[in-house]
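Encoded as structure tokens, the structure appears first; notes follow it.
Readers should treat all values here as calculations from the given coordinates under stated rules, not as data from a laboratory. Bear in mind the structure is a predicted one, so any value in this text is a computation, not a measurement. Cβ placement follows ideal geometry from the backbone for every residue including glycine, while neighbour counts extend to all protein chains displayed.
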Amino acid sequence: MLSLAEFQFTLAADLLDGGMRTARLLPGDPVMVKEALRVHRNTVLSGLANALRLGHPTVAWLTGEDFFDQAAHAFSANNPPHTACLTDYGDGFAAFLESYAPASGLPYLADVARFDHAIERCANAGFTAPILLALDRETAVELDASLVTLSAEYPVEQLRDACDSRDADSLEHLDMSPQARNYAIWRGKEGAAMRPLSMPSATFLGAVLRGETADAALAATLAHADPVDALASIRNEIFTAPFVRILSQPHGE
């Protein structure tokens, strides 16, 4: 006899991989029990696919319903949710798409999935304490706690805009050649907000969000960029952004 925990674990595995191992443990006609389990499994997988669709609307729009459902079912079968809340479900979906054979001809899809996931996560982020960054002895800034950086090779923001406006014709005019693209994404007053970043700004902000000090983040940035251009980019793209609040100014400023 299986314990309750063992039975629940086995049933959960059945719902994901379709093994139907628990059919022999449940009362009733085995054929009817298996059919009931299949119905339950389809309901579970459909629910997970819908959660992925809500969190990755651009991917779903670009691929179409049938393709997306097949990819979502394949992902969910090996990546069940770890919490009851499905709002953030989909960590790893972008990485899955990179190795998903039917998507091999869509090299931009993983980037789009990462962008979608970041946008939806920031849009649903709760309000928590901001990140405090000391610049010097007299100046510090607060960074919005929802703030994340994202790097992509494809024009994910334009693809998302086309999805939001349902403007399929605009896709013909996009430059889909791979090149470095960087973004800051955070929760704004009306949902998720996004700002493109130059490479120096992305390097600096990424280091800060990983817990580096301002000095260490700046050193990492200047190691691979012209100092004048890098400092101008950081000032114009980060310290004037809506996700930053300056707490103090040096005397005389």
Worksheet item: What longest range of the chain stays clear of loop-exposed trypsin sites (Lys or Arg not before Pro) (DSSP non-H/G/I/E/B, at most 15 other C-beta within 10 angstrom)?
Response: 1-136
Practice prompt. Among H56, H224, H173, determine the one that fluctuates most according to a GNM of the chain built with springs between C-alpha atoms less than 10 Å apart.
Written response: H173
Discussion item. Quick query: amide H of T213 versus all other amide H atoms, modeled in the peptide plane; which residues come in under 5 Å with a sequence gap of 5 or more or a different chain?
Written reply: none
Practice prompt. Measure off 7 Å from each Cα along the Cα-to-Cβ vector at E35 and S177, then give the distance between these two points in nanometres to one decimal.
Written response: 6.0 nm
Response to the item:
Taking a ≥ b ≥ c as the square roots of the eigenvalues of the Cα gyration tensor, with a/c under 1.5 meaning rounded and otherwise prolate when a/b exceeds b/c and oblate if not, segment 40-197 is oblate
Fill in: Residue of F96, F204, F239 that the Gaussian network model of the chain assigns the largest fluctuation, springs spanning Cα pairs under 10 Å
F239
Item to complete: For segment 58-120 and segment 178-253, write down the distance between their C-alpha centroids in whole Å.
Response: 29 Å
Worksheet item: Over all distinct alpha-carbon pairs, what is the Kirkwood Rh of segment 125-204 in angstrom?
Response: 14.8 Å
Fill in: GNM top mover of A202, A168, A84 - the chain, alpha-carbon springs below 10 Å
A84
Worksheet item: Fewest to most neighbouring Cβ within 10 Å: what's the order for I238, I246?
Response: I246, I238
Discussion item. Please compute the volume of the convex hull spanned by the alpha-carbon atoms of segment 189-253 and report it per residue in Å³.
Written reply: 113 Å³
